[in-house]
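Derivation of every value follows stated rules applied to the coordinates shown; laboratory data play no part. These figures come from a predicted structure and were not determined experimentally. So basically every Cβ, Gly included, is an ideal-geometry build from the backbone, and we count neighbours across all protein chains shown.
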Ligand code: E4P
């Protein structure tokens, strides 16, 4: 399972990278705005900085919603670095653009996916990644994890190469449940990754080991 961090915060990206388990980064316009990154030049420079920190794929989302605008913007983004994955919304023109990018060998991430039908369409168009938003489904009392399981079944039935990128991961249990189901990738906040480290018995056990060592090595 690949681990992506879902943020545009450079310090958090560095911290996850230093842990040695990071495979990539996902961003979106809201995450960029949260870091105060505005204006085309600043946004472009920020993507470049992220690509310098990590070795893996970096999703950069288009703002355009027409086929022509998505293609223009996506081609500009893809030229920045070969790590860039063009993130395209799950809309009709987005699917057409994903097919275009796929034919040209440009990596894509189909975002804002909330149903198995949408995921099937993204795979048919040749998306590199499909991003079902599990947290946002949970927020409205729908079953986000069940969507991951449905997509896994459909993709396995037909051998689609599109990777299931479980997005809108909110906490550590989401990561574990997605791993059990077989999501190819998860993208979540740094807190969800750090949460995997924690167990009280580890802390108690280490404290005892160190105390016993100290007793015998005064
Ligand atoms: C996916 O790539 C999105 O950036 C993200 O996971 C959305 O998460 P949220 O629902 O917590 O905003």
Tell me, in nm to one decimal, what length is gained between residue 18 and residue 215 on full extension, where the rule is 0.36 nm per residue of separation less the Cα-Cα distance?
67.6 nm
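Rounded to the nearest 0.05, what FRET efficiency do residue 173 and residue 41 give with R0 = 30 Å and r taken as the Cβ-Cβ distance? Could you check? Please list the in-between numbers first.
On the way: r = 40 Å, r/R0 = 1.33.
According to the calculation, E is roughly 0.15.
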How many nm is it between the label spots at residue 99 and residue 1, if each spot is 7 Å from the Cα in line with the beta carbon?
3.4 nm
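Just want the ordering: 46, 199, from fewest to most Cβ atoms lying within 10 Å of their own Cβ. Spell out each step's value before the answer.
Values: 46 18, 199 9.
Going from least to most buried by this count: 199, 46.
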To the nearest 10 degrees, how steeply does helix 10-19 sit against the main Cα axis of the chain, on a 0 to 90 scale?
60 degrees
What nm value, rounded to one decimal, do you get for the distance between residue 184 and residue 9 when each label is placed 7 Å out toward the C-beta?
2.9 nm
Inter-label distance for residue 206 and residue 72, nm, one decimal - labels placed 7 Å from Cα along Cα-to-Cβ:
5.3 nm
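Taking the number of other C-beta atoms within 10 Å as the exposure measure, put 51, 110, 178 in order starting with the fewest. Before the final figure, lay out the partial values.
Working: 51 19, 110 30, 178 26.
If I rank by nearby Cβ atoms, fewest first, I get 51, 178, 110.
Using only Cα atoms, figure out Rg for the chain and give it as a multiple of 2.2 N^0.38 Å.
1.13
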Over what distance in Å are the Cα centres of region 167-189 and region 22-66 separated?
21 Å
Against the longest principal axis of the chain, how steep is helix 200-216, in degrees 0 to 90 to the nearest 10, with axes from Cα atoms?
40 degrees
Can you tell me the orientation of helix 40-53 relative to the chain, as the angle in degrees between its alpha-carbon axis and the longest Cα principal axis, to the nearest 10?
40 degrees
Within the chain, helix-based [θ] at 222 nm, where runs of 4 or more DSSP H residues each add -39,500 (n - 2.57), nearest 500
-16500 deg cm²/dmol
